[in-house]
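A.B. asks: Just passing along the structure, written as structure tokens.
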Amino acid sequence: MSEAAWLTDDHRAFGATVRKFLDQDYEPHRDRWTQDRLVPHAFWEKAGALGVLGASIPVEYGGSGLPRTFDLVTYMEQGRIGDTGWGITVHGIVQHYVLAFATEEQKRAWLPKLTSGEWVGAIAMTEPGTGSDLQAVRTTAVRDGNGYRLNGRKTFISNAANADFVIVVAKTDPSKGAKGISLIALETRGADGFERGRKLDKIGMDRQDTMELGFDDVRVPRMSLMGEEEGRGFYQLMGQLPWERLTISVGALAAARCALDCTLDYVKNRKAFGQRLMDYQNTRFKLAEAKSEIEIFAAFVDRMVDELEAGTLTAERAAMGKWWGTEMQGRIVDACLQLHGGYGYMNEYRIAELYRDARVQRIYGGTNEIMRELIARSLDRD
């Protein structure tokens, strides 16, 4: 596979460190953590000690002060082993909400703990019945003296079982619609009224702890408001969506590459009717199509990364990458599973996990239908 155009020797060295870490500290425990449906907190702490969690966080907040492309290297290495169970992308999104919108006091209080792995981060957006419509959230954060009372329920929350720090999307003024939304940071340890609900039984991403969360008169201090003003939550959410959707695009690209690599290894070694599967024209053509789509999408991802670094990556461009890349991922993984035959349906083969995990990519981070709508709106403005 061709390398990303933006990779430098420093990126490669960092990637080698992450690769060794995953091979030694993740892969040996993969089956057990799949059964547990959880990557333990101790693993996060190891990642923090190694500098993986804080690569793009400034040095003054405990990080390494590197560009965000180093985080993308981590996500690509995670994708290399076909993993979605470790919720590091969500954790990284939380870190960058804090970095972009928190006050200096908040950054110094929160980022070092997120960077070290002492805290695992989550973001609680989705509610039962709201889906992608963030303006319809019912969770409230009502002023109470020098703080807030947080009430509501959230669902589909990644990292919820481990989460020590949750950014909660809530209405501080329900009468103002989107302008009444704020982001409230909750430190979960010892928070009275905070409840972790049932662990959700998903069709994929088995090691990713996904739960419901409940807030029943949870008292949080005034400092828990992200930033200095109420009503900035919707703007803050929109400001970070291009980064979130770029990470999903990178994950889709990495998963498609992993699927192709797994399948090449299989068809070169598996025989049917006296010859390798790789020798059949149908196999060769399917894999040629997959390779072509991967390389074409990789070029678009490289362009989005350049735009990120230049500060010009728009919501519409990121939406293009998110919907097209995840649809491509689904096509390639499905075709690769078919080439495995009956073995592709067996969980002992990596392609089976890749197949299950691919489906949600078209849903979270904004459904692909929403992505198309965002792009269409931009066309209507032109």
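The values are calculated or read from the model by the stated rules, or taken from the named source; none is laboratory data. Computed from a prediction, not measured in an experiment: that's the story for all the values here. Note that each Cβ is placed from the backbone with ideal geometry, even for glycine, and that neighbours are counted across all protein chains shown. When the accessible area is computed, the model is the full protein with side chains, heavy atoms only, and any ligands, DNA or RNA have been set aside. Shrake-Rupley method; radii C 1.70, N 1.55, O 1.52, S 1.80 Å.
A.B. asks: Out of (1) within 30 Å of Asp31 (Cα to Cα); (2) surrounded by fewer than 20 Cβ atoms within 10 Å (Cβ to Cβ), what's the single condition that is false for Gly129?
C.D. replies: (1)
A.B. asks: Looking at (1) under 19 Å from Thr103 (Cα atoms); (2) acidic (Asp, Glu); (3) touching a Gly at 6+ places or on another chain (Cβ under 7 Å), which is the only condition Glu244 fails?
C.D. replies: (1)
A.B. asks: Would you mind finding the one in Arg245, Arg257, Arg219, Arg232 that is basic (Lys, Arg) and closer than 27 Å to Gly197 by Cα? It would help to see each step written out before you state the result.
C.D. replies: Working: Arg245 fails: closer than 27 Å to Gly197 by Cα; Arg257 fails: closer than 27 Å to Gly197 by Cα; Arg232 fails: closer than 27 Å to Gly197 by Cα.
Criteria check complete, one pass: Arg219.
A.B. asks: Restricting segment 301-316 to residues that are in a helix (DSSP H, G or I), open to solvent by 50 Å² or more (accessible area, probe 1.4 Å) and touching a residue at least 24 places away in the same chain (Cβ under 8 Å), which is nearest to Leu260 (Cα to Cα)? Steps first, answer last, please.
C.D. replies: The initial filter retains those residues of segment 301-316 that are in a helix (DSSP H, G or I), namely 301-310, 315-316.
Filter again for open to solvent by 50 Å² or more (accessible area, probe 1.4 Å), leaving 303, 306, 309-310.
So of that shortlist, the ones also touching a residue at least 24 places away in the same chain (Cβ under 8 Å) come out as 306, 309.
On the way: Asp306: 26, Glu309: 29 Å.
Checked segment 301-316; the qualifying residue nearest to Leu260 (Cα to Cα) is Asp306.
A.B. asks: Might you let me know whether segment 159-166 holds any residue that is in contact (Cβ under 8 Å) with a residue 24 or more places away in the chain and more than 17 Å from the chain's Cα centre (by Cα)?
C.D. replies: Filtering segment 159-166 for residues in contact (Cβ under 8 Å) with a residue 24 or more places away in the chain gives 159-166.
Retained after the next criterion (residues that are more than 17 Å from the chain's Cα centre (by Cα)): 164.
Yes, segment 159-166 contains at least one residue that is in contact (Cβ under 8 Å) with a residue 24 or more places away in the chain and more than 17 Å from the chain's Cα centre (by Cα).
A.B. asks: Got a sec? Which of Lys199, Lys179, Lys268 is open to solvent by 20 Å² or more (accessible area, probe 1.4 Å), in contact with a strand residue (DSSP E or B) (Cβ under 8 Å, 6 or more places away or on another chain) and modelled with pLDDT under 95?
C.D. replies: Values: Lys179 fails: in contact with a strand residue (DSSP E or B) (Cβ under 8 Å, 6 or more places away or on another chain); Lys268 fails: modelled with pLDDT under 95.
Exactly one residue qualifies, and that residue is Lys199.
A.B. asks: I would also like to ask the following. Restricting to segment 133-158, name every residue that is touching a residue at least 12 places away in the same chain (Cβ under 8 Å), surrounded by fewer than 19 Cβ atoms within 10 Å (Cβ to Cβ) and among the charged types (D, E, K, R).
C.D. replies: Once the filter is applied, which keeps residues that are touching a residue at least 12 places away in the same chain (Cβ under 8 Å), surrounded by fewer than 19 Cβ atoms within 10 Å (Cβ to Cβ) and among the charged types (D, E, K, R), segment 133-158 yields Arg138, Arg143, Asp144, Arg149, Arg153.
A.B. asks: When the residues of segment 167-213 are narrowed to those that are of a type in the set (Lys, Arg) and free of Cβ contacts under 8 Å to residues at least 40 places away in the same chain, which ends up farthest from Glu229 (Cα to Cα)? Before you say what the answer is, go through the steps one by one.
C.D. replies: Residues of segment 167-213 that are of a type in the set (Lys, Arg), as a first pass: 171, 176, 179, 189, 196, 198-199, 202, 207.
Now restrict to residues that are free of Cβ contacts under 8 Å to residues at least 40 places away in the same chain: 171, 189, 196, 198.
Values: Lys171: 13, Arg189: 25, Arg196: 28, Arg198: 33 Å.
Restricting to residues being of a type in the set (Lys, Arg) and free of Cβ contacts under 8 Å to residues at least 40 places away in the same chain, the top hit is Arg198.
A.B. asks: Given the criterion farther than 20 Å from Arg232 by Cα, modelled with pLDDT of 95 or more and either surrounded by fewer than 21 Cβ atoms within 10 Å (Cβ to Cβ) or among the aromatic types (Phe, Trp, Tyr) (or both), identify the matching residue among Lys113, Lys107. Lay out the reasoning, then the answer.
C.D. replies: Working: Lys107 fails: farther than 20 Å from Arg232 by Cα.
Only one candidate qualifies: Lys113.
A.B. asks: Let me ask another. May I ask you to verify whether Gln329 is surrounded by fewer than 17 Cβ atoms within 10 Å (Cβ to Cβ) and over 17 Å from Leu72 (Cα atoms)? First the steps, then the outcome.
C.D. replies: Details: surrounded by fewer than 17 Cβ atoms within 10 Å (Cβ to Cβ): no; over 17 Å from Leu72 (Cα atoms): yes.
Criteria not met by Gln329.
A.B. asks: Would you say Tyr343 is assigned to a loop (DSSP other than H, G, I, E, B), touching a residue at least 40 places away in the same chain (Cβ under 8 Å) and open to solvent by 30 Å² or more (accessible area, probe 1.4 Å)? Give the derivation first.
C.D. replies: On the way: assigned to a loop (DSSP other than H, G, I, E, B): no; touching a residue at least 40 places away in the same chain (Cβ under 8 Å): yes; open to solvent by 30 Å² or more (accessible area, probe 1.4 Å): yes.
No.
A.B. asks: Restricting to segment 75-102, count the residues that are of a type outside the set (S, T, N, Q) and not in a helix (DSSP H, G or I).
C.D. replies: Taking segment 75-102 as the starting set, the residues that turn out to be of a type outside the set (S, T, N, Q) are 75-77, 79-83, 85-88, 90-94, 96-102.
Within this subset, residues satisfying the condition of being not in a helix (DSSP H, G or I) are 81-83, 85-87, 102.
Of the residues in that region, 7 qualify.
A.B. asks: Is it the case, given these coordinates, that Trp110 is assigned to a helix (DSSP H, G or I) and not polar (S, T, N, Q)?
C.D. replies: Values: assigned to a helix (DSSP H, G or I): yes; not polar (S, T, N, Q): yes.
Yes, satisfied.
A.B. asks: Pick out the one residue from Met223, Met205 that is of a type in the set (A, V, I, L, M), surrounded by fewer than 19 Cβ atoms within 10 Å (Cβ to Cβ) and not in a strand (DSSP E or B).
C.D. replies: On the way: Met205 fails: surrounded by fewer than 19 Cβ atoms within 10 Å (Cβ to Cβ).
After applying the criteria, what remains is Met223.
A.B. asks: Given the condition on the phi > 0 side of the Ramachandran plot and charged (D, E, K, R), answer yes or no: does some residue in segment 189-212 qualify? If you could, list the steps in order and put the result at the bottom.
C.D. replies: Within segment 189-212, the subset on the phi > 0 side of the Ramachandran plot is 190, 193, 205.
Now narrow it down to the ones that are charged (D, E, K, R): none.
No, segment 189-212 contains no residue that is on the phi > 0 side of the Ramachandran plot and charged (D, E, K, R).
A.B. asks: Residue under question is Phe156, and the condition is that it be more than 26 Å from Arg108 (Cα to Cα) and among the aromatic types (Phe, Trp, Tyr); does it hold?
C.D. replies: Numbers: more than 26 Å from Arg108 (Cα to Cα): yes; among the aromatic types (Phe, Trp, Tyr): yes.
When the stated conditions are applied, Phe156 passes them.
A.B. asks: Restricting to segment 271-299, name every residue that is in a helix (DSSP H, G or I), open to solvent by less than 90 Å² (accessible area, probe 1.4 Å) and among the aromatic types (Phe, Trp, Tyr).
C.D. replies: Phe297
A.B. asks: On to the next question. What number of residues within segment 24-43 are out of contact with any helix residue (DSSP H, G or I) (no Cβ under 8 Å at 6 or more places or on another chain), among the hydrophobic types (A, V, I, L, M, F, W, C) and in a helix (DSSP H, G or I)?
C.D. replies: Going through segment 24-43 one residue at a time, the tally reaches 2.
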